[in-house]
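Okay, structure first, notes after.
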Amino acid sequence: MRIHVDQAAKIAYRLYRVSGEVNSLPGEIDFNYGIKSDSGSYILKISRPHADVDFIEFQQGILDHLAKSSTRLDSPVVFPDLHGNFNEHGRERQQCVENKAADGFFKRQRR
């Protein structure tokens, strides 16, 4: 299974109204894309169709915990799509996160 950057750009716009320069990012299991836009920088994560839903929710829980913690750790912030969903859209599961690190490759991702 492959997802071209053009497909990722369409998914990001259709589900999140995020558009901009899209680049493929490394990922061990998921498909990850960096999106630089005028409104900020984002990471679109697309999991494989048979990915472990509990593991995806675990990852999202970690990011939510970090975002709400009092630590000064810069971490991505998961946000819902246009329909209020965080990670379920049919066969593949998508998440979009806004990056936080001020000097990172993206606004909220450390180098």
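Just so you know, all these numbers are worked out from the coordinates, no wet-lab data involved. All figures in this text were calculated on a predicted structure; none of them were measured in a lab. When we count neighbours, we look across all protein chains shown, and the Cβ atoms used for this are built from the backbone with ideal geometry, even at glycine.
Determine the relative contact order of the range 5-98: mean sequence separation of Cα pairs under 8 Å and six or more apart, normalised by residue count, in whole percent.
Computed over the range 5-98, the figure is 26 percent.
Could you go through the range 58-73 in sequence order and give the Karplus-derived ³J(HN,Hα) for each residue, using 6.51 cos²θ - 1.76 cosθ + 1.60 with θ = phi - 60°, rounded to whole Hz, and x for Gly and Pro?
4, 4, 5, x, 4, 4, 4, 4, 5, 5, 8, 6, 8, 6, 9, 7
List the relative contact order of the range 21-68 as a percent without decimals, with contacts defined as Cα pairs under 8 Å and 6+ residues apart.
It comes to 24 percent, rounded to a whole number.
Full extension from residue 21 to residue 51: what is 0.36 nm times the residue separation minus their Cα-Cα distance, to one decimal in nm?
Gain on extension, residue 21 to residue 51, equals 8.1 nm.
What residues qualify as long-range amide H neighbours of residue 18, i.e. H under 5 Å apart, gap of 5 or more or another chain, H built at 1.01 Å from N?
13
What residues qualify as long-range amide H neighbours of residue 25, i.e. H under 5 Å apart, gap of 5 or more or another chain, H built at 1.01 Å from N?
32, 33, 34
Report, in debye and to the nearest 20, how large the dipole of the range 5-98 comes out about its Cα centre when Lys and Arg carry +1 and Asp and Glu carry -1 on their Cβ.
It works out to roughly 180 debye.
Sort 77, 53 so that the residue with the fewest other Cβ atoms within 10 Å of its own Cβ comes first and the one with the most comes last.
Ascending number of Cβ neighbours within 10 Å: 53, 77.
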